[in-house]
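Everything on this sheet refers to the single structure shown next.
The values are calculated or read from the model by the stated rules, or taken from the named source; none is laboratory data. This is a predicted model, so every value here is computed, not measured. Counting neighbours? That spans all protein chains shown, and the Cβs are built from the backbone with ideal geometry, glycine included.
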Amino acid sequence: MRARVKAASAVSPGRACILIGLMVSLPGAISAAQWYSESSVRIRGVYDDNIRLSRRYGEDVTGSILSGRMKAGRRTEITDINLSGSLDLKRYSGDDSLDTNNGEIEVDLSHRTERNQFGLNAGLVLDSTLTSELESSGRTQASKRRIRKTFAPSWTHTLSERTALTLSYTHVDTKYRDARLTGLYDYKYLVLGTTLTHRLNQKTQVAASLNASLYKASNRVDSRTRDIGLTLGVSRDFSENFRAGIAAGMRYSETKYKLAGGDEENSDSGYLLNANMERSFEQAAIRGEFSHLVQPSGAGALLVSDRLILEADYKLSERLSWHLVSRVYRNSAADEKDSSQDRTYLLIEPKVRWRVTRRWDVEGSFRYRRQKRKSEGTVDSNAVFVSVRHAWPSRPVTK
């Protein structure tokens, strides 16, 4: 596996272009095999006045991003197989260290019987810390290769017409290449969860979830954090155009450090919360979410994160549309005695998209980012993107 990862992470531009060509030419071949498929290719021009989001290394750059996306699968009454992949070639002027070839492949499998559903999600991501660390550690100053492997099986058993029990396991293995002195550390994150759901009526559902996780980081002190959380929630479809839900609970964690002078242990507890809503109109849609949860990071610590996400779409005309993406993250270490991970991150990105034809569209966007942490103070970034995209729409073929 290591040899495969090394080869994939060192894809040359020529080979990467060939891979993109194969990805976007797959629809015909897959459809002939009676599978559904869709794919696209996009070229983006970018200007960013602080791409590293750093006070020390901030510089203006221009660049281009060539991207390929592919999704294919096959469905029957009891089985669903889905394969997706992406490839991004990023090139920037003035600094070769920013250039990266990123790739991702993901497989989703599900199989249903009369009272059971078995699922499996597995994926491999090869990307750069310039983007991979934005939501968690915020350590984007040095462009390093991140290798992330995910394996997540699940089983859902129908107890009655309205009640179901789900058991799940998630294994995440993340490594950073040549990342010494960057503050990034390899880690593993394991989560075992169970959820009991009960539908009160056609519009309302309640759920209880219990999750236990283990975070292990290979940093200079070899830290381990065990966390357990319990939440109760309710979701409701108020109408065809309005859905909302909320879940709340408590968590408890213990962090252990292996030090030269002996082991040290700290504990922490707090609340868990997730509230979300979706509202659609004739020409617009709004989605919002607020959550207080735990997540792994490459900073050598399990993080507690407050997240506020707002997204909006508005159709200006038959071909012209406006989109808004905004996110606010406030992170801290699950070990309350560790304040080095305290960080606030803001992203606002409005977009305008023009659908030229059924398969071609042009998009322009402006992105503003701001990050605040004790070690650097407040830094921000302004970026402009212009892109052209060609899509091969889904072409399902049945027997």
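Quick one: would you say Ser40 is surrounded by fewer than 17 Cβ atoms within 10 Å (Cβ to Cβ) and not in a loop (DSSP other than H, G, I, E, B)?
It is false that Ser40 is surrounded by fewer than 17 Cβ atoms within 10 Å (Cβ to Cβ) and not in a loop (DSSP other than H, G, I, E, B).
Restricting region 326-354 to residues that are within 21 Å of Ala301 (Cβ to Cβ) and of a type in the set (Asp, Glu), which is nearest to the chain's Cα centre (by Cα)?
Asp342
How about region 78-120: which of its residues are surrounded by fewer than 18 Cβ atoms within 10 Å (Cβ to Cβ) and not in a strand (DSSP E or B)?
Residues satisfying the conditions are Ile78, Ser93, Gly94, Asp95, Asp96, Ser97, Asp99, Thr113, Glu114, Arg115.
State which residue is nearest to Thr344 (Cα to Cα) when the search covers only region 77-135 and only residues that are among the β-branched types (Val, Ile, Thr) and in contact (Cβ under 8 Å) with a residue 40 or more places away in the chain.
Going through the qualifying residues, I end up with Thr129.
Determine whether Ser339 is in a loop (DSSP other than H, G, I, E, B), of a type in the set (Gly, Ala, Ser), exposed (fewer than 15 other Cβ atoms within 10 Å of the Cβ) and in contact with a strand residue (DSSP E or B) (Cβ under 8 Å, 6 or more places away or on another chain).
Taking the combined requirement at face value, the residue satisfies it.
Would you mind finding the one in Glu278, Glu265 that is part of a strand (DSSP E or B), surrounded by fewer than 16 Cβ atoms within 10 Å (Cβ to Cβ) and of a type in the set (Asp, Glu)?
Glu265
Would you confirm, using the coordinates I've provided, whether Asn50 is more than 28 Å from Val328 (Cα to Cα), polar (S, T, N, Q), surrounded by 15 or more Cβ atoms within 10 Å (Cβ to Cβ) and touching a Gly at 6+ places or on another chain (Cβ under 6 Å)?
Considered against the rule, which asks whether it is more than 28 Å from Val328 (Cα to Cα), polar (S, T, N, Q), surrounded by 15 or more Cβ atoms within 10 Å (Cβ to Cβ) and touching a Gly at 6+ places or on another chain (Cβ under 6 Å), Asn50 comes out as no.
Could you tell me whether any residue of region 278-294 is within 18 Å of Ala212 (Cβ to Cβ) and in contact (Cβ under 8 Å) with a residue 24 or more places away in the chain?
Yes, region 278-294 has at least one match.
When the residues of region 147-182 are narrowed to those that are surrounded by fewer than 16 Cβ atoms within 10 Å (Cβ to Cβ) and of a type in the set (Ser, Thr, Tyr), which ends up nearest to the chain's Cα centre (by Cα)?
Result: Tyr169.
What is the residue count in region 223-276 for residues that are touching an Asp or Glu at 6+ places or on another chain (Cβ under 6 Å) and aromatic (Phe, Trp, Tyr)?
Qualifying residue count for the region: 1.
May I ask you to list the residues in region 127-157 that are at pLDDT below 95 and either over 30 Å from Gly377 (Cβ atoms) or assigned to a loop (DSSP other than H, G, I, E, B) (or both)?
Glu133, Leu134, Glu135, Ser136, Ser137, Gly138, Arg139, Thr140, Gln141, Ala142, Ser143, Lys144, listed by residue number.
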